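The values are calculated or read from the model by the stated rules, or taken from the named source; none is laboratory data. Predicted model, so just to flag it, every value in this text is computed and none were measured. Cβ: placed from backbone, ideal geometry, glycine included. Neighbour counts: every protein chain shown. Just the protein is used for accessible areas: all its heavy atoms, side chains included, with ligands, DNA and RNA removed. Shrake-Rupley method; radii C 1.70, N 1.55, O 1.52, S 1.80 Å.
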Amino acid sequence: YDGLYLAEVDRILRPGGYWILSGPPINWKKHWKGWQRTKEDLNAEQQAIEAVAKSLCWKKITLKEVGDIAIWQKPTNHIHCKASRKVVKSPPFCSNKNPDAAWYDKMEACITPLPEVSDIKEIAGGQLKKWPERLTAVPPRIASGSIEGVTDEMFVEDTKLWQKRVGHYKSVISQFGQKGRYRNLLDMNARFGGFAAALVDDPVWVMNMVPTVGNSTTLGVIYERGLIGSYQDWCEGMSTYPRTYDLIHADSVFTLYKDRCQMDNILLEMDRILRPEGTVI
């Protein structure tokens, strides 16, 4: 499909991010008999992958595969890539496409453009600090002003606020103080990921969900902090197994959805994905 799937991989990769491919057709010269495919078929498949990767301006880290894996790297900016479109016409750069629109957004066989830079050595979108500093540092998306109505000061205050709130939760919920009691946590209205960031020293992980109500695009901020999450419309079922989470955090969720769907339905979905004896805040 004209490299559609690799174009989607490129869309979600950060500037300078890596794509690792293992298994067929990598190292087909060694394994082709066991795969029960012809040399010609495997070679053609690999050449097609190489061609699409090159058209996306990815750089192959090692020309010779290491064992059974091959590694490509996305460019840190698109200066050279845009210049190459004069020669390589396909795929084109996407036009009028919001790269942060990820809810029911159709895949397109085009390159999602990175933010503009003024120098070839500059990282598009801004340099991320190393972990764990990046967790509390102002994310590049906010520092650049690309999140409308959000300032550096607002982010810093939000981080402090959630540290206080989580401290309060622990003082009134005795289970929070039991090491190992909780492991899988869900934040239904994560915003900037402040709830998860305040729990960084606890032996837990948090799935940060950004509600699609109000066209919020703060999921990028959550990832820039080094956290994980997704978009979700809480008037619909969540794509997860039943009995998944030990604790669900639902700050202001019912207020967000009061004019869109019934609170009962959201509560039933929360019950479905909550473990026995799980906790809801």
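Look through the range 247-268, keep the residues that are touching a Phe, Trp or Tyr at 6+ places or on another chain (Cβ under 7 Å) and more than 20 Å from Val204 (Cα to Cα), and return whichever of them is most open to solvent (accessible area, probe 1.4 Å). Full working, then the answer.
Let us first name the residues in the range 247-268 that are touching a Phe, Trp or Tyr at 6+ places or on another chain (Cβ under 7 Å), namely 247, 249, 253, 257, 263, 266.
Those still in the list that are more than 20 Å from Val204 (Cα to Cα) too: 253, 257, 263, 266.
Numbers: Val253: 1, Tyr257: 2, Met263: 94, Ile266: 4 Å².
The selected residue is Met263.
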Odd one out for Gly149, checked against (1) at pLDDT 95 or above; (2) of a type outside the set (Lys, Arg); (3) more than 27 Å from Met238 (Cβ to Cβ): (1)
Output for the range 184-209, where each listed residue is charged (D, E, K, R) and either part of a strand (DSSP E or B) or touching a Lys or Arg at 6+ places or on another chain (Cβ under 6 Å) (or both): Asp187
Candidate set: the range 63-104, residues that are over 27 Å from the mean Cα position of the chain (by Cα) and open to solvent by less than 80 Å² (accessible area, probe 1.4 Å); chosen: the one modelled with the lowest pLDDT: Glu65
Positions within the range 108-162 being touching a residue at least 12 places away in the same chain (Cβ under 8 Å), among the small types (Gly, Ala, Ser) and either in contact with an Asp or Glu (Cβ under 7 Å, 6 or more places away or on another chain) or closer than 24 Å to Ser252 by Cα (or both), in sequence order: Ala109, Ala143
Extreme residue, least open to solvent (accessible area, probe 1.4 Å), among residues of the range 149-163 that are within 18 Å of Asn189 (Cα to Cα) and of a type in the set (D, E, K, R): Asp158
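Filter the range 108-138 down to the residues that are within 16 Å of the chain's Cα centre (by Cα) and assigned to a loop (DSSP other than H, G, I, E, B), then identify the one that is farthest from Asp158 (Cα to Cα).
Thr112
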Top-ranked residue in the range 164-184 [being closer than 15 Å to Gly278 by Cβ and charged (D, E, K, R); ranked as most open to solvent (accessible area, probe 1.4 Å)]: Arg183
Residue match in the range 210-224 (condition: part of a strand (DSSP E or B) and in contact with a Phe, Trp or Tyr (Cβ under 9 Å, 6 or more places away or on another chain)): yes
